[in-house]
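Quick note: the coordinates plus some simple rules give every number you see, no bench work behind them. The shown structure was predicted, so the numbers you read here are calculated from the model rather than taken from an experiment. Neighbour counts run over all protein chains shown; Cβ positions are idealised from the backbone, glycine included.
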Amino acid sequence: MDNIANHEDWKSCFSEIGPGLLLFARQWTRSAADAEDIVQEAFVKFWRRNHRINNRALLYATVRSIALDFIRRDKRRARREATVVAEADPSVEPQFEWEDEAQSALAAAVSCLPHDQREVLVLKIWSELTFSEIASALGISQNTAASRYRYALANLKKSLQPQ
Amino acid sequence: MNDFPELESDLRALRPARPSPVLLERIEEAMVENCRASVSDAGSMAKWRWRFTETPYRFGIGLVAAAAAVVLLLARINTDQTRNQDKEIAQVSPATETRPVLPAFSGGSGADRSISSNKFVPAGATQVVYNTRNEGLQFADGSRQPLRRLRYQTQQTWQWRNPSTGASLRVSYPSEEVVLIPVSGQ
């Protein structure tokens, strides 16, 4: 997987990284349809600019940038969605394919994490980025990325413990 | 993070929702559209490239034509001067002395010889590229297709030679050429 532009089977490449990209985009949109729009734009933009697919930090940074632009473009809509999301059951966000109640509870706990911790967790666990790549994608230091990850795990552990 | 290995493995077991098949189709369409746009951009950029690459050559041809015109003009002046000198000598010299030496048509043929001796024929042309600089990618106005800008610095030399006299004329000048090459999306 050297160059996404020369990669003939970009579909298999996308099927590999697509779920992680989509989950990452969901951190801002809270709507699967909008997240897919963002992922499509980011992936095609990435492909067009002839970037290397192994530069995952840049790919995720592109998704983040487009997601933020998306929010800015339609602030009113985003505010409306945020209100709806706040009123809705938080266990549906972000979307996971859970198989049992334990996984469902875990997904709900993830969705309740603070945003800055959750985006680091998403990149680390489901996109398997290194802290260096996460730091580059989010524009933060490696130490900050690592500490946010630790806080996220600690918060999850705390929220999953029986009261 | 070794502090929460169990929690990490639980999280990894939780799979994110897969993108819809429609998304894959939409991306494919966008890719195809992008390729078409790239091809059309490449076509328009080929015109750019032609313009950028041809202009120095046109300039070079113009310069060569100007140099050739100067050479011909000098040759003409030189010939005229030779003719005038012949005329003056003929006027000054007594007719009786010149006639036995030169035949009746020798004057004309002498002039012809003078003209032919001033003929220069092209002897060679060289173009030496002494520096190539990659000036990076750029986007032309309204284009989404990146273009790689290459600058070639060359030294062009044109030579003419007079076969009868062995004289040679050489014109040498530096030239610079900017080439915009569309970066293919394939």
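Here are a few things to note about the model shown:
- The mean number of partner chain beta-carbon atoms within 10 angstrom of a residue's beta-carbon across peptide B:19-32 is 5.
- Footprinting exposure proxy for A:Asp34, A:Asp69, B:Asp141 (fewest neighbouring C-beta atoms within 10 Å first): B:Asp141, A:Asp69, A:Asp34
- Between B:Ala65 and B:Arg149, the FRET efficiency estimated from the beta carbon spacing at R0 = 35 angstrom works out to 0.75.
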